[in-house]
Each structure stands twice: as structure tokens, then as C-alpha cells.
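Q: Can you read through this structure? Questions will come right after.
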Amino acid sequence: MQNKLIKVAKDTNLFLKNFIRKQKKTELSRAMNYGLFSGGKKIRSKILLDIGFLFKVNYKTLIAVGASVECIHAYSLIHDDLPCMDNDSLRRGKLSTHAKFGESTAVLAGNSLLTMAFEILTNSNLKINEKIKVNLIKKLSECSGHLGIAGGQFLDLRFEKKKISKNKIIDMEIKKTGKLFSFCCMAPAIIKYKNLKEIKFLEKTGSNIGLLFQIVDDLIDFKGSSKIAGKKTRKDIKKGKATLISLLGYKNAIKYRDKIKSKIINDLKKYGSRANNISETLNYILKRNK
């Protein structure tokens, strides 16, 4: 599994470096590269490739689409770390982008990575049907804006130090984290002209994978070490964050996490042994705090 992740990260980073190299260098390039090539494991791209394997989507096409997802993810992390958001000075064991380059530069670098995601999807080198490109851009836009990541971050901040229901916490975490995973699961089916029912099924599966990922992330913050996490831990409690741990307790959150994982595996059984790659990735996500 580790070797597979390394290959995905290497190929995605190579694509992004080549894409950026062809653009004119600007004063923001350094900060963009800093936030983009910060050592992330590219879990979202791996899920995209796992689902792409089910439908025999071209590997290079998936890497390009995954690169656009990683731009969105990097932008969201840069903005999440800002003093006006979660105010984190560390990310993946090094200074966060605003701590390194200043707040205004970090905001603009994040904005630039957001727009670069759509540059990648509209590029003529991405050899897929133009209508499919438009559909992918529409879906990625929805997953990134107020219906997705931005909306989830808004709720995350709004819910601090408040008693929030389980359903509202789940809705917030699906928007904040699950929507981008939803896109990763939908994209290969969209590229292969699959029917709306299958696309909706994969969208829901992606939401569950994202929710699983977020619960694991919250568990790491609750009990994990800063060294392993690459950032300060125990922040959620200090800030009064609304999480499933704060609502259900640590042990019940673990039970809920395991229940979600079982549901995802059960739902993907219809794909047979072709879904083994996804199961392997899910197991890796669960072991992130170990």
C-alpha cells in the first residue's frame, strides 16, 4: 500500500510541476508551490484511481484529474490555517503557508491554486470529451464552494462552543471533507458515461469515505501525537469544536467510524474483487493514527 501511495504522489507531483513549469513564473509561485508540495500523501487521488480502476479509466487522465483535486485540497488547507480561520502555524511538520509568507500572500496563493484546478481540467492536453470536462468542472465547483468545502468550513467555525446535533455535525463534516472525496468517486463514472444512478451511488460512497477520514482526523487530534500528525493536537477541545468525539465520546466515535467503514465495504461488494484496492486504501486511512 505504501508503495502505491508513493507512486500516486510522485506521478501527481510530476504532473503538477510540469504544468506549473509551462506557466509564467510570478511572485506568488513560491508560496503556491510551498502549499502544494508540502508532502501530503494524496489520499484523495488514490481514491480517485481506485474508483477509476473499476471502470478502466486511463491512468494519465486520472492523474490529471487528481492533480486538479490536489490543487483544491491545498487551497483549502492554506485557507483553513489562516489566523481568521483555525489559526494553525504548523502543517505537515513545517510552517503553514501564512506563517512562512504572510497572510495576504497565503490568501492569494490559495486563490491561485483554486483557479489552477480548473485550468487543469480545461487544458487541451486532457483528452476527454468537452461536455465531460464541463460536467467535471461543475461537480468540482459545487464540491469546493458554499455547497462543499467553504460551506463546511463556515459551519465548523460557526459551531464552535455550541451544542450541535449529530445530524448537523455529520452534514458539516461531509461538506468540509466528504464532498471532495465525493468528486473523486464520481469523476471516473462521469468520464465513462455511467448512468445517473451509479454516479449518485458513488457520490454517497465518497461522502462516507470523507466522513470516515474526518473522524480519523478528529481521533488523531484527540489522542494522537503532534509529531505523528505533523501539527498541533488537542486543538479541537481547546477551541470547543463540534465533532462526533465531543458529542458521542471517544469510544463511541470509534464504533461509529467502524460502522461507516463496514457500510462502505458492503456497498462496494457489487464490484467484486475490483474493489480490493479501495478496501486497502480505507484500511490505510484507519491506520493513520497508529
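Laboratory data are not the source of any read-out in this text; all were calculated from the coordinates shown. Treat the numbers as computed from the prediction; the structure is a model and nothing was measured. Here the Cβ is made from the backbone with ideal geometry for all residues, glycine too, and neighbour counts use every protein chain on show.
Q: Suppose a student asked you for the relative contact order of the range 2-289, using Cα pairs under 8 Å spaced at least 6 residues apart; what percent would you report?
A: Dividing the mean separation by the residue count of the range 2-289 yields 19 percent.
Q: Please build a GNM for the chain, connecting alpha carbons under 10 Å apart, and tell me which residue among Leu211, Leu14, Leu180 fluctuates the most.
A: Leu14
Q: How many angstrom lie between the C-alpha centres of the range 180-254 and the range 30-77?
A: Measuring centre to centre over Cα atoms gives 17 Å.
Q: Something else: Among Val65, Val107, Val57, rank each residue by its count of other Cβ atoms within 10 Å, from fewest to most, as a rough exposure measure. Don't skip to the end; give the middle numbers.
A: Values: Val65 28, Val107 18, Val57 21.
Ascending number of Cβ neighbours within 10 Å: Val107, Val57, Val65.
Q: Test of understanding: ordering Arg234, Arg274 by Cβ neighbours within 10 Å, fewest first, what list do you get?
A: Ascending number of Cβ neighbours within 10 Å: Arg234, Arg274.
Q: When a footprinting reagent is the concern and you count Cβ atoms within 10 Å, what order do Lys223, Lys24 take, fewest first?
A: Sorted ascending by nearby Cβ count, the order is Lys24, Lys223.
Q: Taking the Cα centre of the range 2-289 as origin, work out the dipole magnitude from +1 charges on Lys and Arg Cβ and -1 charges on Asp and Glu Cβ, in debye rounded to 20.
A: I would put it at about 660 debye.
Q: For the chain, what does the helix formula give at 222 nm: sum of -39500 (n - 2.57) over DSSP H segments with n ≥ 4, over the residue count, nearest 500 deg cm²/dmol?
A: The helix contribution divided over the chain gives -22000 deg cm²/dmol.
Q: Here is a further query. Local charge sum around Ala31 (other residues, Cβ-Cβ under 14 Å, Lys/Arg +1, Asp/Glu -1)? Intermediate results must be reported in sequence, preceding the final value.
A: Working: positive: Lys25, Arg30, Arg91, Lys94, Lys100; negative: Glu27, Asp81, Glu103.
Here the count lands on +2.
Q: Given the pairs Lys223/Lys255; Lys192/Lys287; Lys46/Lys162; Lys166/Lys259, which are separated by over 27 angstrom at their Cα positions?
A: Details: Lys223/Lys255 16 Å; Lys192/Lys287 32 Å; Lys46/Lys162 35 Å; Lys166/Lys259 15 Å.
Pairs exceeding the cut-off: Lys192/Lys287; Lys46/Lys162.
Q: Continuing with this model, one more query. With r as the distance between the Cβ atoms of Ser89 and Arg234 and R0 = 22 Å, compute the FRET efficiency 1/(1 + (r/R0)^6) and round to 0.05. Don't skip to the end; give the middle numbers.
A: Values: r = 15 Å, r/R0 = 0.68.
Efficiency at R0 = 22 Å is approximately 0.90.
Q: Averaged across orientations, what area in nm² does the convex hull of the alpha carbons in the range 17-143 project?
A: Projected area, direction-averaged: 8.0 nm².
Q: When the Karplus curve 6.51 cos²θ - 1.76 cosθ + 1.60 is applied with θ = phi - 60°, which whole-Hz ³J(HN,Hα) does each residue of the range 31-45 get, with x for Gly and Pro?
A: Those phi angles translate into 5, 4, 5, 4, x, 7, 9, 9, x, x, 7, 6, 4, 5, 5 Hz.
Q: Next question, about the same structure. Using a simple spin-label model with points 7 Å from Cα along the Cα→Cβ vector, what separation in nm is obtained for Lys269 and Arg158?
A: Here the modelled spin labels are 3.9 nm apart.
Q: Please turn the phi angles of the range 271-288 into ³J(HN,Hα) values with the Karplus equation 6.51 cos²θ - 1.76 cosθ + 1.60 (θ = phi - 60°), one per residue in order, whole Hz, x for glycine and proline.
A: 8, x, 5, 5, 8, 4, 4, 5, 4, 5, 5, 4, 5, 5, 4, 5, 8, 4
Q: What are the ³J(HN,Hα) values, in whole Hz, obtained from phi via the Karplus relation 6.51 cos²θ - 1.76 cosθ + 1.60 with θ = phi - 60°, for each residue of the range 124-141 in sequence order, with x given for Gly and Pro?
A: Taking θ as phi minus 60°, the curve returns 5, 6, 7, 7, 9, 3, 4, 5, 5, 4, 4, 5, 5, 5, 4, 5, 5, 4 Hz for the range 124-141.
Q: How high is the FRET efficiency between Asn58 and Ile137 when r is their beta carbon distance and R₀ equals 25 Å, given to the nearest 0.05?
A: Details: r = 19 Å, r/R0 = 0.75.
E between Asn58 and Ile137, to the nearest 0.05, is 0.85.
Q: Let me spell out the model: positive unit charges on the Cβ of Lys and Arg, negative unit charges on the Cβ of Asp and Glu, origin at the Cα centre of the range 156-244. What dipole size does that give, in debye rounded to 20?
A: That gives a dipole near 360 debye.
Q: Efficiency by 1/(1 + (r/R0)^6): what FRET value for Lys255 and Lys17, r their Cβ-Cβ distance, R0 = 41 Å, to the nearest 0.05?
A: 0.45
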